[in-house]
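**Student:** My structure is below; once you've seen it, I'll send some questions.
The values are calculated or read from the model by the stated rules, or taken from the named source; none is laboratory data. Remember, it's a predicted structure, so these values are computed and weren't measured experimentally. Cβ sites come from the backbone with ideal geometry, for glycine too, and all protein chains shown count toward neighbours. All accessible areas refer to the heavy atoms of the entire protein, side chains included, with ligands and DNA or RNA removed. Shrake-Rupley method; radii C 1.70, N 1.55, O 1.52, S 1.80 Å.
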Amino acid sequence: MNSNSNNEILTLSGVILGVGLVLIITVVMLFNGSSENTAGTTTGNTTTSAAPVEDINTKVASLAEPQKATVLQGHELFQGNCAQCHAVDKKVVGPALKGVEARWSSEAEIINFIKYPEKVITGGKNDYAVKLYEEYGQMMPNHDFFNDEQIKSILTYVKFEAGEEIAMKLG
Ligand code: HEC
């Protein structure tokens with residue numbers, strides 16, 4: 001009897017101790033977690049708000065003037081007209097544009113495709129364009145409101161963003 005109730009007391013205090021420990025650990029973890037979270041959010045916010053500024057203006061800072069203006073123009077046109085479907089480094093709705101020049105036979109051919117994708121795809125002369133269309137299952141809209149120079153600036157921006165050398169003719 002006596003040893004039984006002793007055992008019960010022992011078990012009970014063991015349980016209380018255990019629960020107490022778990023509680024303390026939980027509280028400590030919660031406290032740490034919340035302070036980490038707060039710190040994380042603050043850092044996150046700072047980085048996020050700094051990102052767009054850092055992105056293009058800092059990146060082009062080392063470029064000489066004609067290239068810099070072209071890349072900035074290309075960036076702006078890309079953001080406004082292409083970024084909803086394309087990224088430089090990853091597939092979005094359409095293919096990643098990095099290295100695109102190597103997938104077509106000439107820059108003129110790419111420019112023509114960007115202006116008139118439907119014509120090129122349905123024209124029956126370009127197997128690669130047909131293959132792209134089959135792979136992505138969506139027709140890119142025409143961009144015939146752009147002139148060649150504007151499209152070239154987008155392609156230059158893509159190269160620059162991809163870390164490729166951008167060679168430009170002056171004048
Ligand atoms: C509404 C979505 C959409 C928009 C906007 C769009 N594209 Fe596309 N793009 C596609 C899709 C989808 C493909 C895959 C081919 C196809 O089916 O048209 C493609 C293919 C391409 C290709 C061929 C890629 C390769 O890997 O050979 C180029 C180059 C391209 N787009 C450039 C552009 C540029 C530059 C702009 C902006 C001026 C633009 N696209 C805007 C959806 C879009």
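**Student:** For region 65-171, what % of the accessible area comes from carbon and sulfur atoms, probe 1.4 Å? Kindly include the intermediate steps, with their values, before the conclusion.
**Tutor:** Working: 3250 of 6380 Å².
Looking at region 65-171 in its full context, I get 51 percent from C and S.
**Student:** Would you list which lysines come within 28 Å of residue 90, measuring only between C-alpha atoms, while excluding same-chain residues fewer than 8 positions from it?
**Tutor:** Counting by Cα, and skipping residues close in sequence, residue 90 has these lysines nearby: 59, 68, 98, 115, 119, 125, 131, 152, 159.
**Student:** Further question on the same structure: Grab the other residues whose beta carbon is less than 10 angstrom from that of residue 128, score K and R as +1, D and E as -1, and report the net.
**Tutor:** 0
**Student:** What whole-number value in Å² describes the accessible area per residue of region 73-171 for a 1.4 Å probe? The partial results should precede the final answer.
**Tutor:** Details: 5980 Å² over 99 residues.
Per residue, region 73-171 has an accessible area of 60 Å².
**Student:** Another one. Give, in nm to one decimal, the length gained when the segment between residue 134 and residue 119 is fully stretched (0.36 nm per residue of separation minus the Cα-Cα distance).
**Tutor:** Values: separation 15, 0.36 × 15 = 5.40 nm, distance 1.49 nm.
Taking 0.36 nm per residue and subtracting the Cα distance, the gain is 3.9 nm.
**Student:** Go through 120-131, 136-147, 74-85 and give me the packing order, highest mean Cβ count within 10 Å leading.
**Tutor:** Values: 120-131: 14.2, 136-147: 12.6, 74-85: 16.5.
Descending mean neighbour count gives 74-85, 120-131, 136-147.
**Student:** Could you tell me whether region 46-160 comes out rounded, prolate or oblate from its Cα gyration tensor? Rule is a ≥ b ≥ c as square roots of the eigenvalues, rounded for a/c under 1.5, then prolate if a/b exceeds b/c, otherwise oblate.
**Tutor:** Working: a/c = 2.35, a/b = 1.70, b/c = 1.38.
It is prolate, given that a/c is not under 1.5 and a/b is the larger ratio.
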